[in-house]
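The values are calculated or read from the model by the stated rules, or taken from the named source; none is laboratory data. The structure displayed is predicted, hence computed values, not measured ones. Heads up, the Cβs are rebuilt from the backbone with ideal geometry, glycines too, and the neighbour counts pull from every protein chain shown. Just so you know, the surface numbers come from the protein's heavy atoms only, side chains and all, with ligands and any DNA or RNA stripped out. Shrake-Rupley method; radii C 1.70, N 1.55, O 1.52, S 1.80 Å.
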Amino acid sequence: MTGGPTGRGFAEALAHFHGQSHDKDVSQVATLFFGAEPSNGLARSVPGQVRPALPALSALRDLDMAAAPLDGPWSPAQRLLSACVEAVRVRRLSAGDRYPVHRAYPSPRGLFGADLFLLPRTGTAWCVRVDPQSHALQPMNASRVPDDPEELADARPVVAVDHRRYPPEYGRLRPSLALLEGGHLLAALGATLTRAGLTPHTHVDPAHEVGRRARAVLPPEMEPIAALTLDGPGPAGGVVLPAAATSRAVASAGRPGRTLRRWLDDRTSGLSTANLVTSAHIAPDRGAGVTSALVTALHEVGSVLPAPDALRLYRHVLADDRVDGRTMRELLPDGTEGPDRPVPRSGATNFSSTLGYTLTVDFPAWARVHGPHAEPILHTLLGWIGQWGCLGAASTDLCARPMRNFAEEEWASVLGLDPDQTPVYQLWVRSERGTYMDIPVDAGDGTPSEAS
């Protein structure tokens, strides 16, 4: 299991979780691409691929985020395919940046370790990948592409990851990075499916039956981590976020007067070469859209937590907007906030911008409930939550950079965390977007288009 200690006991699961994180064997990444097959998101022709016409694509892209979901005569298959394309498509190219390819969700070094596949409602008669640039449906292995795109009306979307696409310098951090990216993609897909008028139920469960079927037809390096169903949550059991949870997250992260296309195009982590500390000051009230999106997402995952405090969220800011003081407070799922606490300064816990967030977990609680699937489920959910923060930043003209590689022990100390809490994911908000250097890409024909 990618990122998960399959077949290991409880103690081994804990050791694996802590052993694959910061500063264990991570070194400076010296090259952008690794291996003969870098996953940079650009189109590759696959024998037998089909590029279906997507008449609903323009209507979905131009939909106002505060308006009702897509209406009109669009068929379920058109809505599904359009939503899949909008979720995964290459949105910008940055020739002057170290990370040249951008989508609606972040990926380490822009290499993209997560992919989106479609399977039939039952069986494995076919399995197709949705290509990020050409939006072609690419058959996997010896399967076929359905002759009639309307056969895809009942398809099951599956997100799968391959952590080996990242450079080996990331070491044991690679599995969790791939799972986090998969969670980001899962949330982006939930947003586009919801805006397309569909009802995505999100199954964050490697053992889900759709994932089991996908595992039989996907390349061995691809590990299914989550699936979506559009006709109800299915049988009880497993880790499932209902369609209403995604709908509420969309409403919290989006803003009126902004089209779906602009919303997703504007998602950025900023220039890779920029020092986050140099970002202009961002007051907490200006970042309120990011805060509300993260709190909403935290609330929505509450029903699948193994324990009430198994996942917690903290916001850190400058004290009185002064660079010589730092404070943090816990953000609770019900919208209330804990008291401010000082954050001591240390070389290992420098603020990466004036506004940041840290997610912490009680991993033993996850391991006791989910066993070998604890890491995949946890990191995928962390990515799902983080994506709503990224989209909350995009809708308020900010950028947000997720971070996984930091000193957990140091951050736990300065944040004054309980002994059972481990910091696992951070989001830093910046104002310098850097998208003026980008070339917008239109997924419809693969050519640059007018900027949104």
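So, of the residues in region 142-178 that are modelled with pLDDT under 90, not in a helix (DSSP H, G or I) and not hydrophobic (A, V, I, L, M, F, W, C), which turns out to be farthest from S58 (Cα to Cα)?
Of everything passing the filter in region 142-178, P167 is farthest from S58 (Cα to Cα).
Please give the number of the condition R267 fails out of (1) assigned to a loop (DSSP other than H, G, I, E, B); (2) open to solvent by 60 Å² or more (accessible area, probe 1.4 Å); (3) within 30 Å of L60 (Cβ to Cβ); (4) among the charged types (D, E, K, R).
The single condition R267 does not satisfy is (2).
Looking only at residues in region 91-127 that are at pLDDT below 95, closer than 18 Å to P52 by Cβ and in contact with a Leu (Cβ under 8 Å, 6 or more places away or on another chain), which one is surrounded by the most Cβ atoms within 10 Å (Cβ to Cβ)?
Selected residue: C127.
Which one of these is part of a loop (DSSP other than H, G, I, E, B) and at pLDDT 95 or above: G197, G238, G257, G232?
Result of the check over G197, G238, G257, G232: G197.
Can you find even one residue in region 130-141 that is touching a residue at least 24 places away in the same chain (Cβ under 8 Å), open to solvent by 20 Å² or more (accessible area, probe 1.4 Å) and assigned to a helix (DSSP H, G or I)?
Checking region 130-141: not a single residue is touching a residue at least 24 places away in the same chain (Cβ under 8 Å), open to solvent by 20 Å² or more (accessible area, probe 1.4 Å) and assigned to a helix (DSSP H, G or I).
Restricting region 381-408 to residues that are within 20 Å of A253 (Cβ to Cβ) and open to solvent by 10 Å² or more (accessible area, probe 1.4 Å), which is nearest to the chain's Cα centre (by Cα)?
P402
Only one residue in R172, R255 is of a type in the set (K, R) and over 25 Å from T349 (Cα atoms), so which one is that?
R255
What's the total number of residues in region 58-90 that are of a type outside the set (S, T, Y), surrounded by fewer than 22 Cβ atoms within 10 Å (Cβ to Cβ) and either at positive phi or not in a loop (DSSP other than H, G, I, E, B) (or both)?
Number satisfying all stated conditions: 5.
Select from region 278-311 the residues that are of a type in the set (D, E, K, R) and in contact (Cβ under 8 Å) with a residue 40 or more places away in the chain and write down the one among them that is nearest to Q421 (Cα to Cα). Steps first, answer last, please.
Initially, region 278-311 is screened for residues of a type in the set (D, E, K, R), giving 285-286, 300, 309.
Adding the requirement that they be in contact (Cβ under 8 Å) with a residue 40 or more places away in the chain leaves 286, 300, 309.
Numbers: R286: 29, E300: 20, D309: 9 Å.
The qualifying residue nearest to Q421 (Cα to Cα) is D309.
Are there any pairs with C-beta distances below 6 angstrom linking a residue in region 398-420 that is at negative phi and in contact (Cβ under 8 Å) with a residue 12 or more places away in the chain to a residue that is outside any helix (DSSP H, G or I) and among the acidic types (D, E), with the two at least 6 apart or on different chains, and if so which?
The qualifying pairs are D420/D362.
Suppose we filter T358, T380 for residues that are of a type in the set (S, T, Y), in contact (Cβ under 8 Å) with a residue 24 or more places away in the chain and farther than 23 Å from T194 by Cβ; which single one remains?
T358
Only one of (1) open to solvent by 20 Å² or more (accessible area, probe 1.4 Å); (2) in contact with a Ser or Thr (Cβ under 8 Å, 6 or more places away or on another chain); (3) under 23 Å from S269 (Cα atoms) fails for W411. Which number is that?
So W411 meets the others, but not (1).
Out of region 160-174, which residues are open to solvent by 20 Å² or more (accessible area, probe 1.4 Å) and closer than 19 Å to Q426 by Cβ?
Y170, R172, R174
Could you name every one of the strands (runs of 3 or more DSSP E) located completely within region 281-380 that has at least 1 residues being within 20 Å of the chain's Cα centre (by Cα) and buried (at least 21 other Cβ atoms within 10 Å of the Cβ)?
Output list reads 311-318, 355-361.
Is it the case that some residue within region 428-442 is closer than 20 Å to Q20 by Cβ, of a type outside the set (K, R), at pLDDT 85 or above and outside any helix (DSSP H, G or I)?
no
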